[in-house]
Amino acid sequence: MRTIEIGLVLPMGDSFVDGSTVRWTTIRDLALRAEELGFDAVWTADELLWRPSSDDPQGWWEGVALTGAVAAATSRVKVGTWILSALHRNPGITAKAAETLDEISGGRFVFGLGSGHAGAQAHAFGLPEDHVYGRFEEAVEIIIPLLKGGRADFEGTFHAARDLQQRPVGPRPGRIPIMIGAKGPKMLRLAALHADIWSWYVEERSDLAEFGPRLAALEAACLEVGRDPATIGKSAGIVVEPTSFTGSESVLGTPIRGSAEQIADGLRAFGDAGFTNIELLVWPPTLAALDAMVPVLESLDGG
(Lines give C-alpha, C1' and ligand atoms only; values in the text may rest on other atoms or scores of the structure.)
Protein backbone atom coordinates (compact mmCIF):
# COMPACT_ATOMS: atom_id res chain seq x y z
CA MET A 1 0.00 0.00 0.00
CA ARG A 2 1.50 3.32 -1.08
CA THR A 3 1.88 5.62 1.91
CA ILE A 4 3.23 8.67 0.08
CA GLU A 5 1.92 10.45 -3.02
CA ILE A 6 4.31 10.27 -5.98
CA GLY A 7 4.21 13.00 -8.62
CA LEU A 8 6.13 13.50 -11.85
CA VAL A 9 7.67 16.88 -12.67
CA LEU A 10 7.18 17.40 -16.40
CA PRO A 11 9.94 18.92 -18.55
CA MET A 12 8.97 22.45 -19.52
CA GLY A 13 11.39 23.83 -22.06
CA ASP A 14 15.00 23.50 -23.14
CA SER A 15 16.57 20.24 -22.01
CA PHE A 16 19.13 20.10 -19.21
CA VAL A 17 20.59 17.10 -21.03
CA ASP A 18 21.33 18.37 -24.53
CA GLY A 19 19.72 21.81 -24.88
CA SER A 20 16.98 20.64 -27.25
CA THR A 21 13.49 22.06 -26.79
CA VAL A 22 10.86 19.71 -25.41
CA ARG A 23 7.70 19.93 -27.51
CA TRP A 24 4.10 19.93 -26.31
CA THR A 25 3.50 16.49 -27.80
CA THR A 26 6.30 15.06 -25.66
CA ILE A 27 5.03 16.79 -22.51
CA ARG A 28 1.54 15.49 -23.22
CA ASP A 29 2.77 11.95 -23.80
CA LEU A 30 4.74 11.98 -20.55
CA ALA A 31 1.72 13.23 -18.60
CA LEU A 32 -0.56 10.59 -20.11
CA ARG A 33 1.98 7.83 -19.48
CA ALA A 34 2.43 8.95 -15.87
CA GLU A 35 -1.35 8.82 -15.43
CA GLU A 36 -1.43 5.33 -16.98
CA LEU A 37 1.38 4.06 -14.75
CA GLY A 38 -0.33 5.21 -11.56
CA PHE A 39 1.51 8.39 -10.60
CA ASP A 40 -0.60 10.43 -8.23
CA ALA A 41 0.19 13.81 -9.81
CA VAL A 42 1.98 15.58 -12.62
CA TRP A 43 3.63 18.94 -11.99
CA THR A 44 4.52 21.91 -14.19
CA ALA A 45 7.28 24.38 -13.40
CA ASP A 46 6.92 28.15 -13.73
CA GLU A 47 10.07 29.74 -15.05
CA LEU A 48 10.75 32.19 -17.86
CA LEU A 49 14.33 32.32 -19.08
CA TRP A 50 17.38 31.03 -17.25
CA ARG A 51 20.82 32.33 -18.08
CA PRO A 52 23.43 29.81 -16.90
CA SER A 53 25.73 31.85 -19.14
CA SER A 54 25.08 35.04 -21.05
CA ASP A 55 25.52 33.26 -24.38
CA ASP A 56 23.29 30.26 -23.72
CA PRO A 57 19.92 31.05 -22.10
CA GLN A 58 17.58 28.19 -21.22
CA GLY A 59 14.00 28.85 -22.28
CA TRP A 60 10.78 27.62 -20.65
CA TRP A 61 7.24 27.36 -21.95
CA GLU A 62 4.78 29.60 -20.11
CA GLY A 63 3.55 27.80 -17.00
CA VAL A 64 -0.17 28.61 -16.78
CA ALA A 65 -0.82 27.85 -20.44
CA LEU A 66 1.04 24.54 -20.22
CA THR A 67 -0.76 23.56 -17.02
CA GLY A 68 -4.11 24.15 -18.68
CA ALA A 69 -3.08 21.99 -21.62
CA VAL A 70 -1.96 19.17 -19.33
CA ALA A 71 -5.17 19.43 -17.33
CA ALA A 72 -7.24 19.16 -20.50
CA ALA A 73 -5.22 16.22 -21.87
CA THR A 74 -5.42 14.10 -18.70
CA SER A 75 -8.47 12.73 -16.91
CA ARG A 76 -7.57 11.19 -13.53
CA VAL A 77 -4.17 12.33 -12.28
CA LYS A 78 -3.79 15.44 -10.13
CA VAL A 79 -2.28 18.40 -12.00
CA GLY A 80 -0.25 20.93 -10.06
CA THR A 81 1.97 23.98 -10.47
CA TRP A 82 5.45 23.52 -9.06
CA ILE A 83 5.66 26.39 -8.17
CA LEU A 84 3.68 29.29 -9.69
CA SER A 85 5.56 32.56 -9.22
CA ALA A 86 3.66 35.34 -7.46
CA LEU A 87 6.34 37.77 -8.63
CA HIS A 88 5.35 37.28 -12.27
CA ARG A 89 1.64 38.04 -12.00
CA ASN A 90 -1.09 40.18 -10.49
CA PRO A 91 -2.43 38.28 -7.44
CA GLY A 92 -6.11 38.64 -8.34
CA ILE A 93 -5.44 37.27 -11.82
CA THR A 94 -3.29 34.52 -10.28
CA ALA A 95 -6.26 33.42 -8.17
CA LYS A 96 -8.46 33.53 -11.28
CA ALA A 97 -5.94 31.36 -13.15
CA ALA A 98 -5.99 28.82 -10.31
CA GLU A 99 -9.80 28.68 -10.35
CA THR A 100 -9.78 28.29 -14.12
CA LEU A 101 -7.26 25.45 -13.96
CA ASP A 102 -9.41 23.66 -11.41
CA GLU A 103 -12.37 24.02 -13.77
CA ILE A 104 -10.39 22.65 -16.73
CA SER A 105 -9.15 19.69 -14.68
CA GLY A 106 -12.54 18.90 -13.18
CA GLY A 107 -11.31 19.46 -9.64
CA ARG A 108 -7.85 17.87 -9.94
CA PHE A 109 -5.72 21.00 -9.64
CA VAL A 110 -3.18 21.54 -6.85
CA PHE A 111 -2.17 25.19 -6.61
CA GLY A 112 1.53 25.39 -5.90
CA LEU A 113 2.54 29.00 -5.18
CA GLY A 114 5.80 30.69 -4.28
CA SER A 115 7.41 34.09 -4.08
CA GLY A 116 9.38 33.65 -7.28
CA HIS A 117 12.87 35.08 -7.56
CA ALA A 118 14.29 38.26 -8.96
CA GLY A 119 17.53 38.37 -10.90
CA ALA A 120 18.36 38.08 -14.58
CA GLN A 121 15.04 36.71 -15.80
CA ALA A 122 13.00 39.23 -13.82
CA HIS A 123 15.21 42.01 -15.17
CA ALA A 124 14.89 40.78 -18.76
CA PHE A 125 11.09 40.78 -18.58
CA GLY A 126 10.82 44.10 -16.74
CA LEU A 127 9.47 42.42 -13.60
CA PRO A 128 10.02 43.75 -10.08
CA GLU A 129 13.48 43.05 -8.70
CA ASP A 130 13.03 44.24 -5.13
CA HIS A 131 10.99 43.36 -2.01
CA VAL A 132 10.33 39.82 -3.24
CA TYR A 133 9.08 38.62 0.14
CA GLY A 134 7.04 41.77 0.81
CA ARG A 135 5.33 41.42 -2.54
CA PHE A 136 4.54 37.78 -1.83
CA GLU A 137 3.21 38.52 1.63
CA GLU A 138 0.78 41.03 0.14
CA ALA A 139 -0.15 38.74 -2.74
CA VAL A 140 -1.16 36.06 -0.23
CA GLU A 141 -3.49 38.60 1.43
CA ILE A 142 -5.40 38.68 -1.85
CA ILE A 143 -5.02 35.17 -3.24
CA ILE A 144 -6.01 33.22 -0.12
CA PRO A 145 -9.24 35.19 0.59
CA LEU A 146 -10.25 34.90 -3.07
CA LEU A 147 -9.71 31.15 -3.22
CA LYS A 148 -11.01 30.32 0.26
CA GLY A 149 -13.78 32.87 0.69
CA GLY A 150 -14.56 34.22 -2.78
CA ARG A 151 -13.75 37.88 -2.05
CA ALA A 152 -10.75 40.10 -1.31
CA ASP A 153 -10.44 43.71 -0.20
CA PHE A 154 -6.86 44.81 0.37
CA GLU A 155 -4.74 47.91 -0.19
CA GLY A 156 -1.02 47.41 0.15
CA THR A 157 2.26 48.93 -0.93
CA PHE A 158 2.64 46.63 -3.92
CA HIS A 159 -0.77 45.06 -4.55
CA ALA A 160 -4.43 45.97 -4.25
CA ALA A 161 -7.80 44.25 -4.55
CA ARG A 162 -10.84 46.48 -4.18
CA ASP A 163 -14.04 44.64 -3.29
CA LEU A 164 -12.85 41.93 -5.68
CA GLN A 165 -15.05 38.88 -6.17
CA GLN A 166 -13.84 35.49 -7.37
CA ARG A 167 -16.18 34.85 -10.28
CA PRO A 168 -16.81 32.45 -11.89
CA VAL A 169 -15.89 29.60 -9.57
CA GLY A 170 -14.93 26.06 -10.47
CA PRO A 171 -16.04 22.69 -9.10
CA ARG A 172 -14.45 23.16 -5.65
CA PRO A 173 -15.20 26.68 -4.38
CA GLY A 174 -13.03 27.35 -1.37
CA ARG A 175 -11.38 23.92 -1.52
CA ILE A 176 -8.55 24.06 -4.05
CA PRO A 177 -5.47 22.67 -2.23
CA ILE A 178 -2.78 25.31 -1.79
CA MET A 179 0.87 24.28 -1.70
CA ILE A 180 3.40 26.96 -0.74
CA GLY A 181 7.06 26.59 -1.62
CA ALA A 182 9.08 27.88 1.31
CA LYS A 183 12.62 27.66 2.64
CA GLY A 184 13.50 30.65 4.84
CA PRO A 185 11.90 31.49 8.20
CA LYS A 186 9.52 34.18 6.90
CA MET A 187 8.27 32.02 4.03
CA LEU A 188 7.93 28.99 6.31
CA ARG A 189 5.77 31.07 8.64
CA LEU A 190 3.44 31.99 5.76
CA ALA A 191 3.28 28.33 4.72
CA ALA A 192 2.42 27.35 8.30
CA LEU A 193 -0.33 29.96 8.37
CA HIS A 194 -1.92 29.36 4.99
CA ALA A 195 -0.80 26.23 3.15
CA ASP A 196 -2.48 22.86 2.86
CA ILE A 197 0.90 21.49 1.71
CA TRP A 198 4.46 22.77 2.11
CA SER A 199 7.12 22.02 -0.52
CA TRP A 200 10.78 22.56 -1.28
CA TYR A 201 13.19 21.13 -3.83
CA VAL A 202 16.60 19.51 -3.88
CA GLU A 203 19.62 21.78 -3.98
CA GLU A 204 22.46 19.36 -3.29
CA ARG A 205 21.24 15.90 -2.20
CA SER A 206 17.98 14.02 -2.77
CA ASP A 207 17.98 12.47 0.67
CA LEU A 208 17.06 13.14 4.28
CA ALA A 209 20.49 14.55 5.09
CA GLU A 210 19.29 17.62 3.19
CA PHE A 211 15.53 17.40 3.67
CA GLY A 212 15.35 16.33 7.32
CA PRO A 213 16.44 19.74 8.67
CA ARG A 214 14.00 21.46 6.29
CA LEU A 215 11.13 19.36 7.61
CA ALA A 216 12.15 20.20 11.17
CA ALA A 217 12.15 23.92 10.32
CA LEU A 218 8.63 23.64 8.86
CA GLU A 219 7.36 21.83 11.94
CA ALA A 220 8.92 24.50 14.17
CA ALA A 221 7.19 27.22 12.14
CA CYS A 222 3.86 25.44 12.59
CA LEU A 223 4.32 25.28 16.35
CA GLU A 224 5.29 28.96 16.40
CA VAL A 225 1.97 30.00 14.83
CA GLY A 226 -0.08 27.50 16.84
CA ARG A 227 -0.68 24.94 14.10
CA ASP A 228 -0.49 21.18 14.56
CA PRO A 229 2.28 20.07 12.13
CA ALA A 230 0.25 16.94 11.38
CA THR A 231 -2.36 19.11 9.60
CA ILE A 232 -0.06 20.26 6.79
CA GLY A 233 1.22 18.11 3.93
CA LYS A 234 4.99 17.90 3.47
CA SER A 235 6.39 17.59 -0.02
CA ALA A 236 9.92 17.16 -1.36
CA GLY A 237 11.10 17.70 -4.92
CA ILE A 238 13.90 15.23 -5.61
CA VAL A 239 15.79 13.62 -8.50
CA VAL A 240 15.87 9.95 -9.49
CA GLU A 241 17.96 8.16 -12.09
CA PRO A 242 16.10 4.90 -12.82
CA THR A 243 18.29 3.83 -15.79
CA SER A 244 21.99 3.67 -16.53
CA PHE A 245 21.81 7.20 -17.98
CA THR A 246 23.43 9.48 -15.40
CA GLY A 247 24.61 13.07 -15.12
CA SER A 248 21.97 14.88 -13.11
CA GLU A 249 24.48 15.95 -10.43
CA SER A 250 25.80 18.73 -12.63
CA VAL A 251 22.48 20.60 -12.57
CA LEU A 252 20.13 18.99 -10.04
CA GLY A 253 22.28 17.60 -7.24
CA THR A 254 22.95 14.02 -6.18
CA PRO A 255 20.00 11.80 -7.19
CA ILE A 256 18.53 8.61 -5.84
CA ARG A 257 19.81 5.88 -8.13
CA GLY A 258 20.38 2.14 -8.23
CA SER A 259 18.02 -0.79 -8.56
CA ALA A 260 14.27 -0.37 -8.47
CA GLU A 261 14.23 -1.58 -4.88
CA GLN A 262 17.01 0.81 -3.87
CA ILE A 263 15.08 3.71 -5.38
CA ALA A 264 11.88 2.55 -3.69
CA ASP A 265 13.72 2.35 -0.37
CA GLY A 266 14.97 5.89 -0.88
CA LEU A 267 11.42 7.11 -1.44
CA ARG A 268 10.08 5.12 1.51
CA ALA A 269 12.61 6.86 3.73
CA PHE A 270 10.90 10.16 3.01
CA GLY A 271 7.53 8.72 3.97
CA ASP A 272 8.96 7.21 7.14
CA ALA A 273 10.38 10.63 8.05
CA GLY A 274 6.98 12.31 7.78
CA PHE A 275 6.79 13.49 4.17
CA THR A 276 3.41 13.01 2.50
CA ASN A 277 4.28 13.88 -1.11
CA ILE A 278 7.23 13.58 -3.46
CA GLU A 279 7.73 15.42 -6.74
CA LEU A 280 10.08 13.37 -8.89
CA LEU A 281 12.38 14.84 -11.50
CA VAL A 282 13.14 11.71 -13.52
CA TRP A 283 16.52 11.90 -15.27
CA PRO A 284 16.44 11.98 -18.22
CA PRO A 285 12.81 13.13 -18.70
CA THR A 286 11.97 10.50 -21.33
CA LEU A 287 9.31 7.83 -21.75
CA ALA A 288 11.98 5.14 -21.38
CA ALA A 289 13.12 6.52 -18.02
CA LEU A 290 9.51 6.93 -16.93
CA ASP A 291 8.77 3.30 -17.81
CA ALA A 292 11.79 2.29 -15.73
CA MET A 293 9.88 3.63 -12.71
CA VAL A 294 7.22 0.90 -13.04
CA PRO A 295 8.95 -1.59 -10.71
CA VAL A 296 9.59 1.23 -8.24
CA LEU A 297 5.88 2.07 -8.10
CA GLU A 298 5.02 -1.63 -7.84
CA SER A 299 7.37 -1.97 -4.88
CA LEU A 300 5.83 1.06 -3.19
CA ASP A 301 2.39 -0.45 -3.77
CA GLY A 302 3.46 -3.67 -2.13
CA GLY A 303 3.86 -5.63 -5.35
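The values are calculated or read from the model by the stated rules, or taken from the named source; none is laboratory data. Please read all numbers here as calculations on a predicted model, not as lab measurements. Glycine also receives a Cβ, built like all others from the backbone with ideal geometry; neighbour counts cover every protein chain displayed. The protein model used for the area step is the full one, side chains on, heavy atoms only, and it has no ligands, DNA or RNA in it. Shrake-Rupley method; radii C 1.70, N 1.55, O 1.52, S 1.80 Å.
A few comments on the model shown:
- Relative contact order [Cα under 8 Å, 6+ residues apart], the chain, whole percent: 17
- In loop segments of the range 58-135 as defined by DSSP, the trypsin sites (Lys or Arg not before Pro) with at most 16 further C-beta atoms inside 10 Å of their C-beta are 76.
- Spherically averaged projected area in nm², based on the convex hull that wraps the Cα atoms of the chain: 15.0
- Kyte-Doolittle mean at least 0.0, axial Cα span of 18 Å or more - DSSP H helices of the chain: 132-149, 208-224
- Think of each Lys and Arg Cβ as +1 and each Asp and Glu Cβ as -1; about the Cα centre, that makes the dipole of the chain roughly 820 debye.
- Each listed q (0.18, 0.23 Å⁻¹) maps to a log10 I(q)/I(0) for the range 139-236 from the Debye sum over equal C-alpha point scatterers, namely -0.88, -1.13.
- Heavy-atom accessible area per residue - the chain, 1.4 Å, Å²: 43
- 10 Å Cβ shell holding at most 16 others, DSSP loop, GluC sites (Glu not before Pro): longest site-free stretch of the chain: 205-303
- With all protein chains in place and a 1.4 Å probe, the accessible surface of the chain carries 54 percent carbon and sulfur.
- Heavy-atom SASA rank of 159, 117, 131, 194 (probe 1.4 Å, accessible area, largest first): 131, 117, 194, 159
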